[in-house]
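Here's the structure we're looking at; comments come further down.
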Amino acid sequence: MGLILVLVVLGAGWGSTQPLAKMAVSEGYQPLGLVFWQLVIGALILGIVTHARGHRLPLGPAQIRLYVVIALIGTVLPNSASYAAAAQLPAGLISILLSLVPMFAFPIALAMGLERFSLARFGGLCCGLAGVLLIVGPEASLPERAMVAFIPLALIAPFFYGLEGNVVAKWGTAGVGPIRLLYGASLAGIVISLPLALVSGQFIDPRPPWGTPDLALMTGATVHAVVYTVYVWLVGRAGSVFAVQASYLVTGFGVIWAMVLLGERYSGWIWGALVLMLAGIFLVQPRPADPVAPDTAPREDTP
């Protein structure tokens with residue numbers, strides 16, 4: 001029962017990040033500036049966790065290359081796209097589209113030779129595609145028809161997250177556990193995003209007074225770092241197959257938080273898309289017999 005409660009809290013926390021992102025862009029903050037400060041806050045929290053556990057951050061050539069790759073495909077590129085999409089689309093809709101991560105991951109894994117074809121997972125992929133069609137097809141699906149043009153922008157993040165998981169699965173983590181990997185990637189992302197934010201004029205002055213966007217950014221970055229740490233702990237305690245059930249809760253809570261915090265309401269087409277996306281997650285995600293069972297789940301127990 002305790003682990004189920006942790007799973008629910010994890011889903012509720014992670015699900016809040018998209019409505020918070022919507023609030024962060026509500027007064028004109030631009031993606032690269034938001035990504036930079038998100039990385040700074042995340043690096044501070046993950047650094048504290050890493051050093052409190054008595055671990056150090058490996059800084060060999062292989063590890064640094066990995067940090068840079070994960071920073072680009074796991075944070076800088078997808079999060080920049082997500083913030084840009086959040087300025088144009090309802091937060092609940094973005095949460096629904098983010099549930100496409102495993103559905104992007106499956107064909108990428110096939111292309112990389114990491115998976116064998118599965119009819120059930122192909123069915124999940126079809127459910128995800130049908131969900132997208134329900135969003136972009138009917139005239140009455142979105143609050144404004146012009147929003148359809150920004151759906152591809154919102155699909156960039158789940159594509160890169162799906163790619164990220166496959167890159168790690170194929171080439172490994174160079175001996176770095178998941179928390180330290182995200183810590184190192186956050187530091188690399190800071191180095192990458194700071195000059196981009198400055199050159200593009202998107203840098204955000206961190207000095208007070210702080211408004212709603214600033215507080216939303218700080219809260220979202222903190223929540224992300226904390227729930228990621230909890231997720232890693234849950235994978236080690238209960239196994240990846242159990243922990244991945246958070247996917248349902250993240251999507252559901254993302255929609256609920258958007259309704260509560262932002263007053264968003266959705267058409268029947270969007271609710272139908274949500275049902276199809278959740279069905280797709282069920283079909284595509286790993287099963288207990290798959291090779292990501294608890295005994296091979298990533299752990300953070302070595303210095």
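Structural remarks
- Single residue of the stretch 9-50 satisfying the filter (of a type in the set (A, V, I, L, M) and farther than 28 Å from TRP233 by Cα) that is most open to solvent (accessible area, probe 1.4 Å): MET23
- Residues of the stretch 72-91 satisfying the condition of being closer than 23 Å to PRO206 by Cβ and more than 13 Å from the chain's Cα centre (by Cα): ALA84, ALA86, ALA87
- Residues of the stretch 123-143 satisfying the condition of being open to solvent by 60 Å² or more (accessible area, probe 1.4 Å), among the aliphatic types (A, V, I, L, M) and not in a helix (DSSP H, G or I): ALA140
- In the stretch 1-55, the residue that is modelled with the highest pLDDT out of those that are in contact with a Pro (Cβ under 7 Å, 6 or more places away or on another chain) and of a type in the set (Ser, Thr, Tyr) is TYR29.
- Identification of helices (runs of 4 or more DSSP H) wholly contained in the stretch 14-73 with 1 or more residues that are free of Cβ contacts under 8 Å to residues at least 40 places away in the same chain and hydrophobic (A, V, I, L, M, F, W, C) yields 31-52.
- Restricting attention to the stretch 172-189, the residues being open to solvent by 40 Å² or more (accessible area, probe 1.4 Å) and either under 15 Å from the mean Cα position of the chain (by Cα) or under 17 Å from THR222 (Cα atoms) (or both) number 1.
- Against the test of being open to solvent by 60 Å² or more (accessible area, probe 1.4 Å) and either more than 22 Å from the chain's Cα centre (by Cα) or modelled with pLDDT of 95 or more (or both), the options ALA154, ALA146, ALA169, ALA197 yield a single qualifying residue, ALA146.
- Scanning the stretch 82-104 for any residue that is modelled with pLDDT of 95 or more, out of contact with any strand residue (DSSP E or B) (no Cβ under 6 Å at 6 or more places or on another chain), assigned to a helix (DSSP H, G or I) and open to solvent by 60 Å² or more (accessible area, probe 1.4 Å) turns up nothing.
- Per the listing PRO178, PRO195, PRO152, PRO209, the residue uniquely under 22 Å from TYR67 (Cα atoms) and without any contact (Cβ under 8 Å) to a residue 12 or more places away in the chain is PRO195.
- For the stretch 241-260, the tally of residues that are surrounded by fewer than 23 Cβ atoms within 10 Å (Cβ to Cβ), in a helix (DSSP H, G or I) and polar (S, T, N, Q) stands at 1.
- Of all residues in the stretch 161-219, those satisfying the criterion of being polar (S, T, N, Q) and part of a helix (DSSP H, G or I) are ASN166, SER186, SER193, THR212, THR219.
The values are calculated or read from the model by the stated rules, or taken from the named source; none is laboratory data. In this text, all values refer to a predicted model and were calculated from it rather than measured experimentally. Cβ coordinates were reconstructed from backbone atoms using ideal geometry, including for glycine residues, and neighbour counts include every protein chain displayed. The protein model used for the area step is the full one, side chains on, heavy atoms only, and it has no ligands, DNA or RNA in it. Shrake-Rupley method; radii C 1.70, N 1.55, O 1.52, S 1.80 Å.
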